[in-house]
Structure formats: C-alpha cells, structure tokens
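Step one of this worksheet: look at the structure below.
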Amino acid sequence: MTAQIIDGKALSQRLRVGFRERVAVLREHGVTPGLAVILVGDNPASKVYVGNKVKACADCGVASFHHALPADASETEVLARIAQLNAAPAVHGILVQLPLPPQIDVRRVLEAIDVHKDVDGFHLYNVGGLVVGNTIFPPCTPYGVQLLLETTGIDVAGKNAVVVGASNIVGKPMALMLLQKEATVTICHAKTRDLAQHTILADILIVAAGKPGLIVPQMVKHGAIVIDVGINRLPDNRIVGDVDFEGVKQKASWITPVPGGVGPMTVTMLIENTLRSAERKGIAHDSWDAPTVTVD
Ligand code: GUN
C-alpha cells in the first residue's frame, strides 16, 4: 500500500478563498478584521512563525498589528500591551507568540487576553470550553488537523486515535477534539513506556513530539491515517517531521507531508478564528449566523 497524501497547502488555499469572501462581507458591514501579534524577544523560529502569520493576514485581507517587545520586557509591560489591545476595537484577535522569556509567567499572560479575542484558544475559559465540547476558538493546530482528517472522508467515531505528545498547544487539545468526535483516544508522552505498543493499535496516529524519525514503519498499523505535526530543522537545514515519511508511506492509507501538511493549516485556522471573532463582534446579531468552516 502507498498512502494518499493529505495536502495541507492545497486545503489552506481552498479555505482562504472562502475567507476572502467573508472579509468582503465584513467590510460591507464596515468591519475590517484585525489580528494583533505580540512577539517578545528574538527567538528565530518564533520570528519565522510570526512572519508567516502576518503574511497570511495580508493574503486574506485581515489587518495585522505586530507588537515586538525586547527579550528583557517585563511581565507588566506585556500585560499592559494586552490590556491596550483588549480595549482596541480594531483588534478582533490577540496572539502572544510562545515560548515567552523566563521572567514572564505564561499563564498570567494568557489569562489576561480577553476570551472573546483569544484566537489561539489558550485562555482557560476556551480550554474549558474544549473540555465540554463548545469552545469559541479551537486551538489552531489541532483545529487544522481536524479539517485535514475530514478531507479523508473517514469518520473518526469509534476509531483508535493515538496522540503522541501531550503539550498544551497540540497534544492535549487534539486528544479532546478527537474524543468529542467519539474516537477512542490514547495520549502518549515522553514517559510512555514502549511507545510502539500503543502506536501500532492506532487507526489514526497523530504525532506532535518534536523528534525527527520518532515514528518508523514497524510502529504503524497497515492502513492507518498518519498526521505529522512535527517541524524539525536538521543540521543540513532540511525541514522534516517526526515520522519517517518514506517508510511509513508504504504502510499508511493517508499521510501528511512535512512541509506542506499541518504547518500551513495552523496559520490558516488562526485566520479562521480571527474572522469568527470579527463576525461575532461586528455583524453577529440574531439574524446573522457566522459561517463555520466546512470541507468538501
Ligand atoms: N508557539 C508554537 N506554536 C504556537 C501557537 O500555535 N501559538 C502561539 N501563540 N505560539 C506558538
């Protein structure tokens, strides 16, 4: 068997066509959707991610407001900036790029963001919403994975889904979203003994561990759907995921490439959440239902 490729770049582009139409409707209502991005310090990877987010805004007609703070910025300064953005009517979404420098308490910062502008979905209110199955803003990476899974046409209900990686950003929310769709979910993490014993049972395997080559063909069930969330830069500068793509492709039924799989979807779902926020704020009233993303 050779797996079919789940093309995140193509799906992103299709979704963005719809986004531009939604931006046009918002503009007709006098609303320009706006996203504020706060970057503290100069972590090179974070700079690239923020650059991609700002570019995606421009691509879809969303205004972006880039706030760069020095690496030695205090927590008070960051909180003051968030307070300012919470109050700014032109800003519908606020994103604080993670990780933050050690002098800043990440939880305090995330909890300061207005829950109605929390387009990353990291505020406790939105995390709680995810637990009970109706968050306002699903976190962007798992949200993107969910849409990628939908493109396969395979219903996750009743399937064994194994998530490798238990981060707050990807693994944990991913597991909750799969559970909400009625999958039987296992979460594996750095302390899991005999990882292969779990992954081999997966009908749906989602890997977000940040370890190149972690998943090899012997760990994958024939016909599994494999989603690789990893983005790792090798010493020779190549970008690879956590899955041995060439090997696992021979066993899986569907697989995401790296690059061109989950990565583009993360940024695209950030725009989706920003539009949803603008629609709720700007033109959401009794007679107007905000569109939700669908995949054909
Ligand atoms: N750092 C790595 N991924 C993310 C993300 O999805 N959002 C934010 N804010 N920071 C990140």
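Figures for the structure shown
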item	result
Relative contact order, percent, region 107-155 [alpha-carbon distance under 8 Å, six or more residues apart]	27 percent
Area accessible to solvent at residue 46, 1.4 Å probe radius, in Å²	0 Å²
Percent accessible area from carbon and sulfur atoms, the chain, protein chains only, probe 1.4 Å	56 percent
Rg [Å, one decimal], Dmax [Å, integer] - region 36-192, C-alpha atoms	16.8, 49
Where labels lie 7 Å past Cα in the beta-carbon direction, separation of residue 211 and residue 58 in nm	3.9 nm
Share of alpha-carbon pairs per 10 Å distance bin for region 127-203, given as whole %	19, 52, 26, 2
Residue-level accessible surface for residue 123, protein heavy atoms, 1.4 Å, Å²	30 Å²
Rel. contact order, % - alpha carbon contacts under 8 angstrom, at least six apart, the chain	23 percent
Violating pairs (Cα-Cα greater than 23 angstrom) within the set 117/159; 159/221; 9/191; 53/117; 55/181; 47/281	117/159; 9/191; 55/181; 47/281
Degrees, to the nearest 10: 44-60 long Cα axis against longest axis of the chain	70 degrees
Region 1-152, accessible area per residue, ligands and nucleic acids excluded (1.4 Å, Å²)	44 Å²
Stretch gain in nm, segment residue 1-residue 132, where the contour uses 0.36 nm per residue and the Cα spacing is subtracted	43.3 nm
Full-stretch length increase - residue 29, residue 191 - with 0.36 nm per residue and alpha-carbon distance subtracted	53.2 nm
Mean shadow area of region 77-167 over all directions, Cα convex hull, nm²	7.6 nm²
Sorted largest first, extent of the chain alpha carbons per principal axis (Å)	53, 46, 36
Spacing of the two label points (7 Å from each Cα toward its C-beta) at residue 218 and residue 9, in nm	3.4 nm
Cα point-scatterer Debye curve for region 168-228, base-10 log of I(q)/I(0) at q = 0.19 Å⁻¹	-0.71
Region 142-277 - convex hull of alpha carbons, volume per residue in Å³	110 Å³
Relative packing of peptides 49-59, 161-171, 100-110 - highest average C-beta neighbours within 10 Å first	161-171, 49-59, 100-110
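The values are calculated or read from the model by the stated rules, or taken from the named source; none is laboratory data. Keep in mind the model is a prediction, meaning the values are calculated, not measured. So basically every Cβ, Gly included, is an ideal-geometry build from the backbone, and we count neighbours across all protein chains shown. The area values use the complete protein model at the heavy-atom level, side chains included, leaving out ligands, DNA and RNA. Shrake-Rupley method; radii C 1.70, N 1.55, O 1.52, S 1.80 Å.
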